[in-house]
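The values are calculated or read from the model by the stated rules, or taken from the named source; none is laboratory data. From a predicted model like this one, the values you see are computed outputs, not experimental measurements. Methodologically, a virtual Cβ is constructed for each residue, glycine included, from the backbone with ideal geometry; neighbour enumeration extends over all protein chains shown. We work out accessible area using only protein heavy atoms, side chains counted, and drop any ligands, DNA or RNA first. Shrake-Rupley method; radii C 1.70, N 1.55, O 1.52, S 1.80 Å.
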Amino acid sequence: MLIFRWIATLLLLMAAVSFAFYVGTGQARYKRWGLIILKWTVIAGFVFFAVFILGRIA
């Protein structure tokens, strides 16, 4: 559980840094990377909570 929190926090931080680079430089590749990282962070969160809920039910 603690490892997942650290990974999620680091991924969100990486996405925020990418968006900050996009704002600072105006290069679209930083926005694209930020969106990709954010998308996979949300997907990982959904999978984690689905497994967590299934573990509580079963």
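The angle between the Cα long axis of helix 28-57 and the main principal axis of the chain comes to about 10°, on a 0 to 90 degree scale. Compute the angle between helix 2-25 and the longest alpha-carbon principal axis of the chain, please, reported from 0 to 90 degrees and rounded to the nearest 10. Roughly 20 degrees between the two axes. For the chain, the share of accessible area belonging to carbon and sulfur comes to 78 percent (1.4 Å probe, ligands and nucleic acids excluded). The mean accessible area for residues of the chain, using a 1.4 Å probe and ignoring ligands and nucleic acids, is 83 Å² per residue. Per residue, the average separation of C-alpha pairs within less than 8 Å and at least 6 apart gives the chain a relative contact order of 32 percent. With all pairs of different C-alpha atoms in the average, the Kirkwood value for the hydrodynamic radius of the chain is 12.4 Å. Packing order of peptides 47-53, 19-25, highest average first: 19-25, 47-53 (average count of other Cβ atoms within 10 Å over each peptide's residues).
Based on DSSP H segments of at least four residues, each scored -39500 (n - 2.57), the chain has a per-residue ellipticity at 222 nm of -33500 deg cm²/dmol.
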